1. Given the criterion touching a residue at least 60 places away in the same chain (Cβ under 8 Å) and assigned to a helix (DSSP H, G or I), identify the matching residue among A:LEU50, A:LEU21, A:LEU57.
2. So, in region A:117-164, how many residues would count as being within 12 Å of chain B (Cβ to nearest Cβ) and among the basic types (Lys, Arg)?
3. Among the numbered criteria (1) modelled with pLDDT of 90 or more; (2) away from chain A (no Cβ under 14 Å); (3) within 24 Å of B:GLY22 (Cβ to Cβ), which one does B:LEU150 miss?
4. Step by step: first the residues of region B:107-147, then only those that are hydroxyl-bearing (Ser, Thr, Tyr), more than 19 Å from the chain's Cα centre (by Cα) and in a helix (DSSP H, G or I), then the one that is nearest to the other protein chains (Cβ to nearest Cβ). Which residue is that?
5. I'm trying to understand the selection: among the residues of region B:153-166, which are crowded, with 24+ Cβ neighbours inside 10 Å and at the interface with chain A (Cβ under 9 Å from one of its Cβ atoms)?
6. In region A:61-91, which residues are among the β-branched types (Val, Ile, Thr), surrounded by fewer than 24 Cβ atoms within 10 Å (Cβ to Cβ) and within 12 Å of another protein chain (Cβ to nearest Cβ)?
7. Could you tell me whether A:LEU56 is aliphatic (A, V, I, L, M) and either at positive phi or at pLDDT 85 or above (or both)?
8. Scan region A:101-111 and tell me whether some residue there is within 30 Å of B:MET188 (Cβ to Cβ) and surrounded by 17 or more Cβ atoms within 10 Å (Cβ to Cβ).
Amino acid sequence: MTWLLLNWPQALQLAWTHVLLSVPAITISVLVAVPLGRLAHRYPRPGGALLSAASLLYAIPSLPLLIIIPVVLGIPLRSSATMVVALSVYGVALLVRSAADAFGAVDARVRLAATAIGFSPWALFWRVELPLATPVLLAGVRVVVVSTVGLATIGALVGIPSLGSLFTDGFQRGIAGEVITGIVATVALALALDGACALTGRALTPWTRSARSEHAGRHTGPVAA
Amino acid sequence: MNLFADALTWLGDPSHWSGRTGIAQRAAQHLGVTAGALAIAATLALPTGILVGHTRRGRSLVVAISGAARAVPTLGLLTLAALALGIGLQAPVLALVVLAVPSLLAGAYAGVESVDPVTVDAARAVGMSEFQIITRVELPLAAPVVVGGLRAATLQVVATATLAAYVSDTGLGRYLFTGLRSRDYPQMLAGALLVAALALLLEAVLARLQQLATRATTSTPRHGAPARLAASLEGHA
């Protein structure tokens, strides 16, 4: 507590750096994983291979990945780009399966009905499938948010600043308060971003809420309503 | 890309493989820490998870605890534990146990919970005791999901055991930290490749184990649910 009182500008600065590492990585993960998940659902054979590859990617430990990425991409080890790429790799690996599941959960009859009334494949994706897949997708994104914020701390070990710097610095100087501040701040940041995600999701899927409050049963989307 | 060649040369040097700080010894330590942490975590998590799944009570509490545990950054826990317990194996093992518990717990209760209640009632009707129901009905049927939880936990632990080298002289992570300090990139990259290879090897073994467990329980397509649940448990926090 004393440590935080004396050093809060530094902690705040590191928290902001942490946000600047996590949020771009989460955004990239969503932008890459959602189309991939859609394709994996549409073409199950190469899709299955893609999903297995993604889970293998996730099996690569984070610290080694942080060292391999700069060598492969030719970027400096201690740059924030290295961290954003590493976090995006894990984000995509995690999210691609939930994205495929999310599109799989869309009722095939709804898809057929939309095609029958004249939706083009493009409009079908944007106006029928994506909205209906959003609840499952969102659950996946929230897992990615929490894991990304936690993983970003590992960067401190190779010298990429984040809230994790409070762990390495606190450990080397023997200040438990600094480490505790880091843990609390990381968990708080994860919960805050997760909450923001949940609220965005509620705003994007108003039908799930009204269906629940009216006990209207299984109306799952705008097409059903 | 030249660095990869240097790393492979480093790996090819026989003097790096033997001795007290050799690769064989380090890999054995790495696997030892992983197995130790998993054993402790399983002793805590599996009975609890099975009990929660069997009685269907306390589920929300378990979900809340594992959710909170997942959000805690392992590096933070590790450094804090190391400050409290000193340099050595206790701190990494403690941090790895906390890391492994949520996946094991989730696998155990989700697996047992997914067993058809009609089957459980049938077992009860033919006169099985609650203990027999757990050991002879629920656990065999839950095996694929429980193994799925074990698989996720093992991956997380073997990957994170790399960090043990930050606070103690153990495991393959040592090459990463030594290389980092002396700017010896080939050694660092070689260490990274070794950890990744070990993780992928364990992943392959456990995937096969899960397949066997799934095949043992799913003789008919009707029981597709546990396999799907098991698949959804993959990945780590």
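The values are calculated or read from the model by the stated rules, or taken from the named source; none is laboratory data. As the structure is a prediction and not an experimental result, all values here were calculated from the model. With ideal geometry, Cβ positions are generated from the backbone for all residues, glycine too; neighbour counts draw on all protein chains shown.
1. That would be A:LEU21, the only listed residue that is touching a residue at least 60 places away in the same chain (Cβ under 8 Å) and assigned to a helix (DSSP H, G or I).
2. 1
3. With (1) modelled with pLDDT of 90 or more; (2) away from chain A (no Cβ under 14 Å); (3) within 24 Å of B:GLY22 (Cβ to Cβ) applied to B:LEU150, the lone miss is (3).
4. Going through region B:107-147, the residues hydroxyl-bearing (Ser, Thr, Tyr) turn out to be B:109, B:114, B:119, B:129, B:135.
This time we only want the ones that are more than 19 Å from the chain's Cα centre (by Cα), so: B:114, B:119, B:129, B:135.
Cutting the leftovers down to in a helix (DSSP H, G or I) gives us B:119, B:135.
Working: B:THR119: 26, B:THR135: 31 Å.
That would be B:THR119.
5. Answer for region B:153-166, where residues must be crowded, with 24+ Cβ neighbours inside 10 Å and at the interface with chain A (Cβ under 9 Å from one of its Cβ atoms): B:LEU155, B:VAL158, B:ALA159, B:THR160, B:ALA161, B:THR162, B:LEU163.
6. Result: A:ILE68, A:ILE69, A:VAL71, A:VAL72.
7. No; evaluated as a whole, the condition is false for this residue.
8. Going through region A:101-111, the residues within 30 Å of B:MET188 (Cβ to Cβ) turn out to be none.
No, region A:101-111 has no match at all.
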